[in-house]
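Values quoted throughout were computed directly from the atomic coordinates according to the rules given, and no laboratory measurement underlies them. Everything numeric in this text was worked out from a predicted model, so none of it was measured. Neighbour counts run over all protein chains shown; Cβ positions are idealised from the backbone, glycine included.
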Ligand SMILES: Nc1ncnc2c1ncn2[C@@H]1O[C@H](COP(=O)(O)OP(=O)(O)OP(=O)(O)O)[C@@H](O)[C@H]1O
Ligand SMILES: [Mg+2]
């Protein structure tokens with residue numbers, strides 16, 4: 001992006017976004033599995049408050065790219081900068097503590113714990129109280145309050161209520177409906193005060209109602225967090241994204257504002273045409 | 001864990017109260033055999049619950065937990081040779097040595113997971129086993145008679161079965177309370193979270209390793225307490241007390257009773273010790289029958305003996 005920094009006219013917001021230093025910057029990332037190149041010279045950035053969507057066909061390397069940003073996968077070449085610092089050599093927990101939160105393509109939760117306890121663990125991580133050996137977690141008012149806030153933020157307050165069918169016990173997270181699992185995972189992400197959310201297909205497997213709720217939630221998050229959103233639901237992506245990058249065969253073949261991507265002939269040929 | 005409903009926890013409390021009452025009355029009957037049986041159950045109850053911290057709460061299946069039991073046994077046997085008999089010295093020293101070995105071996109074994117973790121814990125236990133076996137002046141493979149029993153403050157001796165039974169029952173109650181409290185703490189929640197989904201925990205900014213290491217150290221130290229009791233029960237210290245077979249028996253107790261419940265493995269120990277006495281009197285193939293019982297438990301009882309008591313047992 002080489003536009004000048006004059007915030008005037010209708011595109012003032014866009015300009016402001018472009019002028020701020022990026023929250024996340026990925027440069028020349030390469031990842032190979034044997035002969036297979038799953039990430040091929042990928043460079044992209046997410047600015048503070050920006051929702052940058054990453055689309056591409058199955059097997060394009062989207063999840064692998066997210067994994068290299070979060071630290072689960074080690075790239076063979078290239079750099080990852082977060083908040084102005086190189087984070088390539090940092091392990092996953094360290095990157096998370098610096099403000100990277102991740103939701104997985106298949107939700108990952110603490111299955112035997114209740115939704116509130118799941119959120120409580122996020123709070124324990126945030127305030128670093130994991131080495132308190134005597135304070136009961138279940139009756140700690142500070143944890144309960146934080147968990148309630150986290151769950152309310154994603155509209156999951158109802159998961160706190162006991163299930164009358166199950167002798168008054170609160171259901172463990174493993175028994176939640178799929179859509180609620182996704183919401184809970186997001187709630188746990190926010191609890192750590194992140195700056196950037198890495199969301200891998202948050203709409204996958206959701207029914208129409210859950211899907212609409214999730215889109216509304218993502219819209220409400222826009223502007224407050226930097227978001228890198230991987231998503232197959234093209235309608236949702238065009239409705240939400242400030243910027244879209246298209247990944248095919250590990251390469252970014254196009255990147256720009258939604259309107260531009262929608263009409264890009266290479267994109268239509270490589271991806272949109274295929275999926276329609 | 002799923003919180004128990006009121007009814008289930010009341011059933012459990014009544015059952016446990018009854019069991020404890022029986023255990024407290026038996027030593028008063030003046031039958032040394034039964035008094036020693038109670039002591040034995042309490043000793044193995046402590047060992048089993050310490051292993052449950054690892055197996056149940058952390059999902060760390062250790063096959064070398066008897067090493068820490070054996071360290072307790074040897075401390076109780078060796079310290080009297082130096083003229084030390086006070087329980088207030090022997091127990092802390094035993095727990096310290098076991099905790100230290102737990103921390104050092106845990107540093108390495110906790111880098112591994114799954115099957116590798118099982119093998120490495122087994123290997124570390126075998127190291128202690130062979131060291132004990134190689135100590136010629138301590139009887140090598142045969143071990144040695146305890147030169148003197150452990151003494152309580154005031155001079156009561158753990159060689160007296162009644163004293164031993166009450167002491168170990170008290171220790172068991174304390175251990176149950178401590179372990180439950182630990183498992184419910186902030187620390188305990190992180191340990192369970194790491195068991196459920198380590199990837200998620202890391203993505204939230206916590207690495208499981210230091211938490212597991214601390215837990216492993218605590219569980220090791222706790223098991224040495226049981227070892228001190230065992231040395232006084234059999235008045236003997238030998239490498240057999242830390243063989244892999246004993247590690248296997250501890251695992252048996254945990255699974256029989258239901259992991260991640262603390263109380264369950266204690267019940268597992270009680271039933272295991274009871275069955276061992278009954279079956280070994282009836283047949284020399286008692287291990288075979290124990291095996292059958294474990295298979296039945298896995299097939300029929302979803303939550304082990306613990307589930308039987310809370311009434312959520314059946315499959
Ligand atoms: N650990 C691995 N070893 C070898 N190949 C892998 C590994 N992980 C992923 N791949 C391959 O890398 C390619 C990209 O995978 P990735 O999961 O990133 O795709 P994706 O774009 O997220 O696809 P989807 O839309 O289906 O989630 C795939 O061909 C996959 O088979
Ligand atoms: Mg994917």
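Suppose only helical runs count, i.e. DSSP H with n ≥ 4. What mean residue ellipticity at 222 nm does that imply for the protein assembly as shown under -39500 (n - 2.57) per run, divided by all residues and rounded to the nearest 500 deg cm²/dmol?
So the calculated ellipticity at 222 nm is -17000 deg cm²/dmol.
Based on the Kirkwood radius over alpha-carbon pairs, what value in µm²/s does the Stokes-Einstein equation return for the translational diffusion coefficient of chain B at 4 °C and 1.567 mPa s?
Rounded, D is 65 µm²/s.
Work out the FRET efficiency for residue A:79 and residue A:238 from their Cβ-Cβ distance, taking R0 = 30 Å, and round it to the nearest 0.05.
Calculated transfer efficiency: 0.50.
Other chains' Cβ within 10 Å of A:123-132 residues: what's the mean?
Mean number of neighbouring Cβ atoms from other chains: 6.
Can you give the FRET efficiency to the nearest 0.05 for residue B:174 and residue B:283, using r as the Cβ-Cβ distance and R₀ = 45 Å?
0.75
Per residue Cα convex hull volume for segment B:109-179, in cubic angstrom?
163
Hey, with R₀ at 60 Å, roughly what FRET efficiency would residue B:145 and residue A:177 work out to, going by the Cβ-Cβ distance, to 0.05?
0.40
Label-point separation (nm) for residue B:130 and residue B:13, each offset 7 Å from Cα along Cα-to-Cβ?
Going by the 7 Å Cα→Cβ label model, 5.2 nm.
Translational diffusion coefficient of segment B:182-315 at 20 °C, 1.002 mPa s, Stokes-Einstein with Kirkwood Rh over Cα pairs, in µm²/s as a whole number.
Rounded, D is 126 µm²/s.
Determine the principal axes of the Cα atoms in segment A:199-276, then give the extent along each, sorted from largest to smallest and rounded to whole angstroms.
Principal-axis extents of the Cα atoms in segment A:199-276, largest first: 32, 26, 22 Å.
Using the basic label-point model (7 angstrom from Cα toward the beta carbon), what is the residue B:119 to residue A:193 distance in nanometres?
Computed distance between label sites residue B:119 and residue A:193 equals 4.5 nm.
Could you work out which residue, out of A:241, A:177, A:150, moves most in a Gaussian network model of chain A, that is, has the largest mean-square fluctuation with Cα springs under 10 Å?
A:177
Return one number: the angle in degrees, 0 to 90 and rounded to the nearest 10, between the long axis of the Cα atoms of helix A:141-153 and the longest principal axis of the Cα atoms of chain A.
That works out to roughly 40 degrees.
For chain B, set up a Gaussian network in which alpha carbons nearer than 10 Å are linked by springs, and say which option among B:236, B:166, B:33 fluctuates the most.
Checking each option, the largest mean-square fluctuation is seen for B:33.
Give the value in nm², to one decimal: projected area of the alpha carbon convex hull of segment A:99-141, averaged over all directions.
One quarter of the hull surface, i.e. the mean projection, equals 3.9 nm².
With the contact rule set at Cα under 8 Å and sequence spacing of 6 or more, what percent relative contact order holds for chain B?
Here the relative contact order equals 32 percent.
Where in segment B:109-145 does the label zone of residue B:235 land, with the point 7 angstrom along Cα→C-beta and an amide N cut-off under 17 Å?
So the set is B:143-145.
Taking a quarter of the surface of the convex hull around the Cα atoms of segment A:109-192, what do you get in nm²?
5.3
Along the Cα→Cβ direction, 7 angstrom out, place labels at residue A:133 and residue B:21. What is the inter-label distance in nm?
So the label points at residue A:133 and residue B:21 sit 3.5 nm apart.
Starting with the highest mean, order B:294-306, B:216-228, A:104-116, A:67-79 by the number of other Cβ atoms within 10 Å, averaged over the residues of each peptide.
So the peptides B:294-306, B:216-228, A:104-116, A:67-79, ranked by packing, come out B:216-228, A:104-116, A:67-79, B:294-306.
What translational D, rounded to a whole number of µm²/s, comes out for the protein assembly as shown from Stokes-Einstein when the hydrodynamic radius is the Kirkwood one over Cα pairs, at 20 °C and 1.002 mPa s?
80
Return a whole-number percent for the relative contact order of segment A:109-192, with Cα pairs under 8 Å and 6 or more residues apart as the contact set.
Reported relative contact order: 47 percent.
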